[in-house]
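The values are calculated or read from the model by the stated rules, or taken from the named source; none is laboratory data. Since we're looking at a predicted model, the values are computed, not measured. Cβ: placed from backbone, ideal geometry, glycine included. Neighbour counts: every protein chain shown.
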Amino acid sequence: MIPAPVRYARATSLEHAFQLLAEPDSKILAGGQSLIPVMKLRIARPSLVVDISQLELRGIDVRGDELHVGALTTWDELLDARELERPALAAIGECVRGIGDLQVRNRGTVGGSLAHADPASDMPAVLLALGATLQLRSPEGERDLRVAEFFAGPFTTALSAQELITHIVVPLPAPGSGSAYVSVEHPASGFALAGAAALVGRDGVSRVAVTGVAGQPSLLVSGDPHEALEAAEIFGDRFASAEYRRELASVLVRRAVERAAERTKGDA
Amino acid sequence: MLEPLQLVVNGERRSLDVEPRTLLVHALRDGLGLTGAHIGCDTSQCGACTVLLDGRAVKSCTLLALQAEGAEITTIESLASDGEMHPIQRSFVENHGLQCGFCTPGLILTATDLLSRDPDPSDDTIRHSLRGNFCRCTGYETIVESIRAAGAEMRGSVGR
Amino acid sequence: MSEAHIGVARPRIDAPDKVTGATKFGADGYVHGLLHARLVLSTEAHARIRAIHGDDALSVPGVVAVLTAADLPTATTGTDRAAEPLAREEVVFAGQPVAMVVAETEAAAEDGAEVVMVELETLPPVVDLEDAMRPGSALARLVEKAEGGSDLESIHAGVDHGQEDAEQEQLSANVLDRVQRKNGDAAAALDASEVVVFGTFRTPWVYQAYLEPQVATTWLEPSGTLVVSTGTQGSFVSRKELARAFGLPLDRVRVVAEPLGGSFGGKLALIEPLAAGATLALRRPVRLVLTRGEDFLATNPASAQVTHLRVGARKDGTFTGIEARMLVDRGTNAGWGVEGITSSLLVGPYRWEAHDIVGYGIQTNRFTFGAYRAPGAPTAAFALESLLDELAEKLGIDPIEIRLRNAVVEGDIGISGNAYPTIGAVEVLERIREHPLWSARASLPENEGIGFAAGYWPGGNEPAAAICRVDTDGTMTVVTSSVDMSGVDTGFAVIAAAAFGLDPNKVRVVFADTATGPYSGASGGSKVTYTVGKAVEGAARAARVKVLAAASQELEIAPDDLEVVDGVVRAIGAPDRSITVEEIVGKALRYGGRYEPIEGHGGSAQTRGAPSVAAHLSHVRVDRDTGEVELLRHVIAQDVGRALNPALVEGQMRGGAAQGMGWALFERLDHDEDGRLLTGSFLDYAIPVAERVPEIDTLIVEVPAPDGPFGAKGIGEAPVVGAAPAISNAVAAATGVRIHELPMTPPRVWQALRQDSGPTETPA
């Protein structure tokens, strides 16, 4: 399968990227692990792809009490990052390990995946639980958006036409926190039938998010996450009913919270 | 329509003209005659098209050829040198790590990437690393053995 | 003759080419002036074609032609896939090819195919198997022009079609075949049984999922001969089908079978007629490589089945009666269905006092049924082996022990009324019972279980021939026309080497096309080693006769007093009186030479079957909260006759077991209620990946097949048969809940555990 005719340009700077993205049917191409497959299926038919892979938006570092991840950081780079080797951020590595496969993790970028906004994507749940923020850039300037406000539905985000993600910023949880991500994969796609991420503080208070069960990942904000799931609108199909997914999410939430709580004991 | 493309493939600079939409796997197979990269699934899953891009395994069906400009591409055809098979290739032969052989080049290149970073992977790590390489014939066990044995040989040959 | 090289594990002879990327598969060869074809598939399951508009496609740069059925020079009005490569008037499944765009590049062909407009008038789709067989059901096909039966069934297994019976049943015309197998009074036997169990078992359409999508490249030689280079399991079968489809004399069709990137029953004359039709229409070379999506939609997976089964036993565990109704979904395949095979295999490798089994082949608007490794056997074994475990449990007898008490031995009368040939059922069951995993089942953690099941495959027969030629360097070339699906060529080398007296490393095996090679049937039915291997043995022996005759003159010793060992002909008992094969051939293959070329032709026409029995142990852990089943370990024991090359035999055993794991846990082709495929990619259709497949222990059991080459027989199909029921029995052992439908996906297992009410089906 071959994509529909398209033009290709490689951006040499953010400004250059913005110029190129002025073309109405242009699309940003980062690692391509989400975009190229849908172009091959001809679901996506951009007139121009703007390859931003050469931009300096890669890398992981801790600045003050925040973890900054460049949007072009690959899953593989994230897996190797020593900055993530702490119980409070354990959910990230746990999640990345299950994303795609070795080859996809070598090419696929964090920012690209978020911008694609597959409703069964794993990482959004983790970023929601960790309270992450996305730094966005467009010709109009810079803005920060909480992940909770970023997703607007299946394959839909708050990004405007010429806007791209530059960084993912994760506030470092309070000392003594633990996090975890647990999922059950669809056996074919590897995407989550349901996935749950939890951040638990030393005080036992937790923040929980789920993915895969609805049009977009969601933070379970009300008191008891299981009650929140009871009330939530859950997606079902011929492989897995809504009833199953709801139960599954509830089980996974429990497990994620337990595992995250277990990790609070490991942090000094 | 066609754009000139310069690729560094198996250590050689190669020039060809491609449509921008051309996938790397088609450029390699149709443009350069490197048919060891196979097309098996079209949905970026089976790994039969795996090649190395700057030493890392990637699916050449999920990459425009133009994206690969500037990188070093390694295909299965160059893994053997001077008629000597690479230890991983030899190990697949000796440990019966193949049957129909369609998935084999991709598996060997994924294993090359894996062993370059983790010379002594556990069986679980090997199996997890093969998530993106389907094999319908073998049941995987001899493939895992082949990679394990190749790792041992490669560790031995670099002197431990 | 030396058997020293038999039973030695050695690498496949094609391995070096395969690991270096040198092997040229069907899509890899360069052909000058090649055009590329892309299919336009029906989006409806059942419809009349009103019109096909190709104008937009023809205006796409690079597009050469838009072909519809009327453009292909087919010579028949038959409605099978070879006779009607593109639908003529009626579309009978979603995914059926209706047009073909041919272009200078693959990309242009795809651009063109995208804009072909097909006008369809929708007809009621027939998708529910049980509804389809009821009188008054809508029909899945209105235009019926079947002609002369296809003999594709006989490729796969040697089975009869049971007896005709007078019993009349009101059935829809969708029921294309009804097979009844009856002996004694099964109902009475069941009534008289101490224990009777029953259940309804469902299995879905399952895809062969070979890694290489189907491919064919066709061109015309200057003489006008149609050349077809393709991944097929049977070059002579493809030739025959093409000659029939296009009304060509056999000698005007030359089929070259390329190395197969997996097939498992699925690649036989399905895609060749499309490419050939384009070449005959356009007089240009054409290649059609299916995309994976097309391969899912437009090919020929294994039938869905529903089996209503009732079995009984006496207190001592003796099996009494077996009664069944088996519903087989043929999709649109009017030529053959698997009901004949599955109904004969349902009894398993066991003795029954009475049986009454009815199989129905039912047409629906789903796919075209095709063969997949041991067609009809995994589905039958799933039903039978599940219920045998229930019998064992009710009687308090060990599951393996109860099967041993009923296992068939040579001479027992089988379901077709014929005596079983040599069969290793008892040996296999006894062997696997000794595996430590079986005794470990008493002391497992909670939610773990170990299950057992057996399965067998009757094998197949078809006459075959082979040629052996020895060259002046002392090496031998074996020529067959038998497609290598499972490493049989490596086995041929060992057979020829042993029969002649050479080191197997000096034997090369080449594959000839239909213009040049000796006859061989399609590779299928686990018959290649048993039949073609026998022919290879004969050819090597014939060549040996020639070399002995020549050596006899050279050494002045009677041929009977000579032997050939590792390429040297020597006097028996006086090995220093010798001459090398190389020298003799040198004296033959030259101007004025004295001896006939050292070549032999061999043939075989096996008449006795060589069934293979395989038994499995599966160790699983079930997550009761999520429904996930984790495979922890698997054991397979199989009677292989004689393991010519144990490494390759184990490869077949493990590979078959892994495909059985796919049946058990992952694989299901699913349609929506209108008959549109919902699982048309590997994003929706799961096959086992490395991290889901456990270690698989192999136990090779050798009960030599009397007529096989050195006791060997076909072993490729038996290992898939019992794997899924072993896993479902393990799930039952772990949870106490028996699941009657495959695959056992997490949502299904979860649902079953929640209901936890045992069989809810009514008796058959």
Confirm whether C:Glu462 is of a type in the set (D, E, K, R) and over 30 Å from C:Ser520 (Cβ atoms).
no
Matching residues in region C:72-89 (acidic (Asp, Glu) and surrounded by 21 or more Cβ atoms within 10 Å (Cβ to Cβ)) number 2
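Matching residues to (1) closer than 18 Å to C:Val289 by Cα; (2) in contact (Cβ under 8 Å) with a residue 24 or more places away in the chain:
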residue: C:Arg202; (1), (2): no, yes
residue: C:Thr217; (1), (2): yes, yes
residue: C:Leu220; (1), (2): no, yes
residue: C:Glu241; (1), (2): no, yes
residue: C:Pro249; (1), (2): no, no
residue: C:Ala257; (1), (2): yes, yes
residue: C:Glu272; (1), (2): yes, yes
Kindly indicate whether A:Arg263 is surrounded by 18 or more Cβ atoms within 10 Å (Cβ to Cβ), outside any strand (DSSP E or B) and more than 14 Å from every other protein chain (Cβ to nearest Cβ).
yes
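So which residues in region A:65-98 are within 10 Å of chain B (Cβ to nearest Cβ), in contact with a Lys or Arg (Cβ under 8 Å, 6 or more places away or on another chain) and either part of a helix (DSSP H, G or I) or not polar (S, T, N, Q) (or both), if there are any at all?
Filtering region A:65-98 down to residues within 10 Å of chain B (Cβ to nearest Cβ) leaves A:74, A:76, A:80, A:97-98.
Right, trim to in contact with a Lys or Arg (Cβ under 8 Å, 6 or more places away or on another chain) and you get A:74, A:76.
Across region A:65-98, the qualifying residue is only A:Asp76.
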Criterion violated by C:Val426 - all others in (1) in contact (Cβ under 8 Å) with a residue 24 or more places away in the chain; (2) touching a Leu at 6+ places or on another chain (Cβ under 9 Å); (3) away from every other protein chain (no Cβ under 14 Å); (4) within 29 Å of C:Ala371 (Cα to Cα) satisfied:
(1)
Only one of (1) facing another protein chain (nearest Cβ under 7 Å); (2) within 21 Å of B:Leu130 (Cβ to Cβ); (3) small (Gly, Ala, Ser); (4) out of contact with any Asp or Glu (no Cβ under 6 Å at 6 or more places or on another chain) fails for B:Ala57. Which number is that?
(4)
Can B:Cys49 be described as without any contact (Cβ under 8 Å) to a residue 60 or more places away in the chain, over 25 Å from B:Met154 (Cβ atoms) and more than 8 Å from chain C (Cβ to nearest Cβ)?
no
Checking C:Leu280 against (1) surrounded by 24 or more Cβ atoms within 10 Å (Cβ to Cβ); (2) not assigned by TED's automatic domain parsing to the domain that holds C:Arg403, the condition it does not meet:
(1)
Residues that are free of Cβ contacts under 8 Å to residues at least 12 places away in the same chain and not in a helix (DSSP H, G or I), drawn from region B:128-157:
B:Arg131, B:Gly139
On the basis of being surrounded by fewer than 20 Cβ atoms within 10 Å (Cβ to Cβ) and of a type in the set (D, E, K, R), does C:Arg642 make the cut?
no
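Please give the strands (runs of 3 or more DSSP E) falling wholly within region A:146-230 in which 3 or more residues are closer than 30 Å to B:Phe134 by Cα and out of contact with any His (no Cβ under 9 Å at 6 or more places or on another chain). Don't jump to the end; show me each part of the working.
Details: elements: A:151-153, A:164-171, A:178-185, A:192-200, A:206-211.
Filter on region A:146-230 gives A:178-185, A:192-200.
Which one of these is closer than 29 Å to C:Ile13 by Cβ, modelled with pLDDT under 95 and away from chain B (no Cβ under 13 Å): C:Gly600, C:Gly609? It would help to see each step written out before you state the result.
Working: C:Gly600 fails: modelled with pLDDT under 95.
The unique qualifying residue is C:Gly609.
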Answer yes if at least one residue in region B:63-81 is facing another protein chain (nearest Cβ under 7 Å), over 11 Å from the mean Cα position of the chain (by Cα), in a helix (DSSP H, G or I) and modelled with pLDDT of 95 or more, and no otherwise.
yes
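Select from region C:347-394 the residues that are closer than 30 Å to C:Tyr210 by Cβ and in a helix (DSSP H, G or I) and list them in ascending order.
Once the filter is applied, which keeps residues that are closer than 30 Å to C:Tyr210 by Cβ and in a helix (DSSP H, G or I), region C:347-394 yields C:Ala377, C:Pro378, C:Thr379, C:Ala380, C:Ala381, C:Phe382, C:Ala383, C:Leu384, C:Glu385, C:Ser386.
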If we scan region B:113-127, do we find a residue that is under 30 Å from B:Leu2 (Cβ atoms) and basic (Lys, Arg)?
no
The one condition C:Arg570 fails out of (1) buried (at least 19 other Cβ atoms within 10 Å of the Cβ); (2) touching a helix residue (DSSP H, G or I) at 6+ places or on another chain (Cβ under 8 Å); (3) of a type in the set (Lys, Arg) is (2)
Residues located in region C:468-500, provided they are farther than 24 Å from C:Leu260 by Cβ and either under 19 Å from the mean Cα position of the chain (by Cα) or surrounded by fewer than 24 Cβ atoms within 10 Å (Cβ to Cβ) (or both)
C:Arg469, C:Asp471, C:Thr472, C:Asp473, C:Gly474, C:Thr475, C:Ala498
Matching residues, region C:667-695, being touching a Gly at 6+ places or on another chain (Cβ under 8 Å), at the interface with another protein chain (Cβ under 9 Å from one of its Cβ atoms), under 22 Å from C:Arg202 (Cβ atoms) and in contact (Cβ under 8 Å) with a residue 40 or more places away in the chain
C:Ile687
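Looking at B:Thr35, B:Thr22 in this structure, which one is surrounded by 19 or more Cβ atoms within 10 Å (Cβ to Cβ), in contact (Cβ under 8 Å) with a residue 24 or more places away in the chain and of a type in the set (Ser, Thr, Tyr)? Before the answer, list the steps.
Values: B:Thr35 fails: in contact (Cβ under 8 Å) with a residue 24 or more places away in the chain.
Selected residue: B:Thr22, the only one of B:Thr35, B:Thr22 that is surrounded by 19 or more Cβ atoms within 10 Å (Cβ to Cβ), in contact (Cβ under 8 Å) with a residue 24 or more places away in the chain and of a type in the set (Ser, Thr, Tyr).
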Would you point out which residue out of A:Glu163, A:Glu149 is more than 29 Å from A:Glu262 (Cα to Cα), of a type outside the set (Gly, Ala, Ser) and touching a residue at least 12 places away in the same chain (Cβ under 8 Å)?
A:Glu163
Every residue from region B:101-143 that is more than 11 Å from chain A (Cβ to nearest Cβ), farther than 12 Å from B:Ala57 by Cα and among the β-branched types (Val, Ile, Thr)
B:Thr104, B:Thr138, B:Thr142, B:Ile143
Exclusive hit being among the aliphatic types (A, V, I, L, M), more than 20 Å from C:Pro709 (Cβ to Cβ) and crowded, with 18+ Cβ neighbours inside 10 Å, set C:Ala522, C:Ala550:
C:Ala550
Which residue pairs have Cβ atoms closer than 9 Å, lie 6 or more positions apart in sequence or on different chains, and pair a first residue in region A:116-141 that is not assigned by TED's automatic domain parsing to the domain that holds A:Gly98 with a second residue that is of a type outside the set (D, E, K, R) and modelled with pLDDT of 95 or more?
none
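Among the strands (runs of 3 or more DSSP E) confined wholly to region A:1-64, which include 1 or more residues that are aromatic (Phe, Trp, Tyr) and either within 14 Å of chain B (Cβ to nearest Cβ) or buried (at least 21 other Cβ atoms within 10 Å of the Cβ) (or both)? I'd like the intermediate steps shown before the answer.
Details: elements: A:7-10, A:26-29, A:48-51, A:60-63.
Answer list for region A:1-64: A:7-10.
Could you tell me which of the residues B:Arg21, B:Arg29, B:Arg13 is more than 7 Å from every other protein chain (Cβ to nearest Cβ) and under 20 Å from C:Gly293 (Cβ atoms)?
Working: B:Arg21 fails: more than 7 Å from every other protein chain (Cβ to nearest Cβ); B:Arg13 fails: under 20 Å from C:Gly293 (Cβ atoms).
From the options B:Arg21, B:Arg29, B:Arg13, the qualifying one is B:Arg29.
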Counting only residues that are part of a loop (DSSP other than H, G, I, E, B) and either more than 7 Å from chain B (Cβ to nearest Cβ) or surrounded by fewer than 20 Cβ atoms within 10 Å (Cβ to Cβ) (or both), region C:15-24 contains a total of 2
